[in-house]
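Report on one structure; see the data block that follows.
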Amino acid sequence: ILIMTVSSSIALVIVFIFMKDLRQQTVQFHSYREQADIDFLTGLKNKRIFTKKIEVLLQFSYDTTLLVIDVDKFKSINDRYGHDGGDAVLKQLATVMKTHCHNNQEPFRVGGEEFAVILTQMTPEQSYQMAEELRQAIAESEFILPDEQGLKVTISIGISRSPIDGKTINELYRKADMALYRAKYQGR
């Protein structure tokens, strides 16, 4: 009986240690998984999640509007204020986007100074209005650089809508990107 009690106690301690370690690994796994979905600089969801989300929406034929957003003259911001200045602008831009995107509007960082917003359950007029409000909010914001200097920033936005402009992510993105470059060449 003494040997069984000691053996059972040792086994119980080993199981407890194993369960504690398993719980810690599970928490760490979920943390890593979440980090893999989030852009490290801006806190927005990243391009991988953007692609998954829009593919699901298109697969189930939801009317989806895509806004492709680019920071105007971002290279000159980086050249003049350094990468720390550029990073500060991107972080603050993401904050403004999060503030202005509501229920059926989800912002993503898709690369460099390029962002995207997926809109669902909105008419073309509502989508255009939302894009204009976002553009205006960013233009009216003051972006604070690491040296405490204020800076004004503008963005250009291209809009496309499924299924009118495309039924695949590539078609939809290409149309929005073409509209973005038209906006840039027509005065930003």
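The values are calculated or read from the model by the stated rules, or taken from the named source; none is laboratory data. None of these values were measured; they are calculated from a predicted model. A quick note on method: Cβ atoms are made from the backbone with ideal geometry, for glycine too, and the neighbour counts reach across all protein chains shown. Calculation scope for accessible area: heavy atoms of the full protein, side chains included, ligands and nucleic acids excluded. Shrake-Rupley method; radii C 1.70, N 1.55, O 1.52, S 1.80 Å.
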Residue check, T42 under 17 Å from I118 (Cβ atoms), out of contact with any Ser or Thr (no Cβ under 8 Å at 6 or more places or on another chain) and open to solvent by less than 80 Å² (accessible area, probe 1.4 Å): yes
Go over the candidates Y81, Y62 one by one and state the one that is farther than 24 Å from N170 by Cα and aromatic (F, W, Y). Y81
Aromatic (F, W, Y), closer than 19 Å to P163 by Cβ and over 13 Å from the mean Cα position of the chain (by Cα) - does that describe any residue in segment 126-141? yes
Criterion first (assigned to a helix (DSSP H, G or I), modelled with pLDDT of 85 or more and touching a Ser or Thr at 6+ places or on another chain (Cβ under 8 Å)) does I54 satisfy it? yes
Regarding D79, is this residue touching a residue at least 60 places away in the same chain (Cβ under 8 Å), over 19 Å from L134 (Cα atoms), of a type in the set (D, E) and not in a strand (DSSP E or B)? no
Every residue from segment 76-85 that is open to solvent by 70 Å² or more (accessible area, probe 1.4 Å) and touching a Pro at 6+ places or on another chain (Cβ under 7 Å): D84
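Restricting segment 47-75 to residues that are of a type in the set (S, T, Y) and over 22 Å from Q136 (Cβ atoms), which is least open to solvent (accessible area, probe 1.4 Å)?
Of everything passing the filter in segment 47-75, T64 is least open to solvent (accessible area, probe 1.4 Å).
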List the strands (runs of 3 or more DSSP E) inside segment 86-188, counting only whole elements, that have at least 2 residues being among the small types (G, A, S), open to solvent by less than 20 Å² (accessible area, probe 1.4 Å) and within 22 Å of K52 (Cβ to Cβ). 155-161
